[in-house]
Amino acid sequence: MRLPIQIETILFKRTDGKTQYLLLKRIPRSGEYWQPITGGLEEGETKVEALKRELREETGIENIIRILENVHYFEFQDLPFIEHLKKQGQSCEYLKEYVFGVEVASDEIVNLDREEHSEYRWCGFEEALSLLKWRENKEALEKLNEILN
């Protein structure tokens, strides 16, 4: 069972002393917007376990250099996702999202899950910030970038 908790993973790598962030583009039926890796926490799963599962499912990546916890946190209210949870019999009025930074090797290969995403792109901070649609994702990226620099 999915809980009203989301995990957002901002994947990054260092290449020639520069930090690059991975963004994924949602498929057309899901809005075609750019975002970091996201996914729901399942019952019995820790946040880090959910992060690793979503990372593996959406990108095929399993080798992690380090995980930065508590990068950012926010809550959504009145989202279609919350209505979806209610239809499944779960009672929740909000959705919590915990943001992690995850470093991978500079030569890491992305094997995109084409059921969820149509493209991926490694970006510098400014480009990533300009591609992100949601204010909360932008705030999370800004916080991670501050931590890393």
Among the residues of segment 96-117, is there at least one that is surrounded by 15 or more Cβ atoms within 10 Å (Cβ to Cβ), modelled with pLDDT of 95 or more, over 25 Å from GLU49 (Cβ atoms) and among the charged types (D, E, K, R)? no
Among the residues of segment 58-92 satisfying the criterion of being surrounded by 10 or more Cβ atoms within 10 Å (Cβ to Cβ) and hydroxyl-bearing (Ser, Thr, Tyr), which is modelled with the highest pLDDT? THR59
When only residues in segment 1-14 that are touching an Asp or Glu at 6+ places or on another chain (Cβ under 9 Å) and β-branched (Val, Ile, Thr) count, which is modelled with the lowest pLDDT? ILE5
Going through segment 36-49 one residue at a time, which ones are closer than 12 Å to VAL99 by Cα and either part of a helix (DSSP H, G or I) or among the β-branched types (Val, Ile, Thr) (or both)? ILE37, THR38, LYS47, VAL48
Verdict on LEU11 being closer than 17 Å to ALA128 by Cα and either surrounded by 13 or more Cβ atoms within 10 Å (Cβ to Cβ) or without any contact (Cβ under 8 Å) to a residue 40 or more places away in the chain (or both): yes
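The values are calculated or read from the model by the stated rules, or taken from the named source; none is laboratory data. Just so it is clear, the model here is predicted, and its values are computed rather than measured. In this analysis, Cβ positions are derived from the backbone assuming ideal geometry, glycine residues included, and neighbour counts consider all displayed protein chains.
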